[in-house]
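Contents: one structure, followed by commentary.
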Amino acid sequence: MTDTLTTPANPTTTAGTATWSTQDTPIGPFTAVVGSGGAVLASGWTAELDELLPQVHPSLRPGELVEGDLGPVADAIARYHDGDLTAIDAIAVRQRSGEFLNHAWDVLRTVAPGAPVTYTEYATRSGRPKAVRAAASACARNAAALFVPCHRVLRTDGSLGGFRWGLPVKRWLIEHEAARP
């Protein structure tokens, strides 16, 4: 197992206390769990914290959860949904898995808004062109939706494919990003 922390600032996160909060967005409630170092551990379009926590690697799960202000993370969530598509870029994310998944999650953060890629293109960008299923698995196992934008990966025929938070949410995100320069 390796650990990945994708951020320009590179803060540390421990498995101690984490803060969580749910915000209203145009496509429904969005909940994020943020570790003590400021990195997103889990996030998605749900009001149910219990839907997010199982996605966090056991070694990163916080011992204590406190509902509260997420500071820059909350601001980025609001700004993104209001049209500032780059607001999520500087937010740190912490996930843990094997070497390929960690790398693939980092690669997802390089897929530009409004320029979705296919699963095949994503596998190639991740350095394993024949590992399309592994690339799809990286999307499916991504705990930090929005901040690691797995919604930007489509099937080869251009259809949406799957999305943990539902195809209407994925469609809205794709359209939201396509409408911005």
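The values are calculated or read from the model by the stated rules, or taken from the named source; none is laboratory data. Everything numeric in this text was worked out from a predicted model, so none of it was measured. Methodologically, a virtual Cβ is constructed for each residue, glycine included, from the backbone with ideal geometry; neighbour enumeration extends over all protein chains shown.
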- For A104, which of the numbered conditions (1) part of a loop (DSSP other than H, G, I, E, B); (2) touching a Ser or Thr at 6+ places or on another chain (Cβ under 6 Å) fails to hold? (1)
- Message: On the basis of being under 13 Å from the mean Cα position of the chain (by Cα) and outside the structural domain of P149 (by TED's automatic domain parsing), does A104 make the cut?
- Response: no
- Query: Can you name the number of the only condition in (1) closer than 24 Å to Q23 by Cβ; (2) acidic (D, E); (3) in a helix (DSSP H, G or I) that D89 fails?
  - Reply: (3)
- Going through segment 104-138 in order, the residues found to be touching a Pro at 6+ places or on another chain (Cβ under 7 Å) and small (G, A, S) are A123
- Query: Which members of segment 81-98 meet the condition of being under 14 Å from V148 (Cβ atoms) and either buried (at least 23 other Cβ atoms within 10 Å of the Cβ) or of a type in the set (V, I, T) (or both)?
  - Reply: I88, I91, A92, V93, R94, Q95
- Residue check, P168 in contact (Cβ under 8 Å) with a residue 24 or more places away in the chain, out of contact with any Phe, Trp or Tyr (no Cβ under 9 Å at 6 or more places or on another chain) and buried (at least 18 other Cβ atoms within 10 Å of the Cβ): no
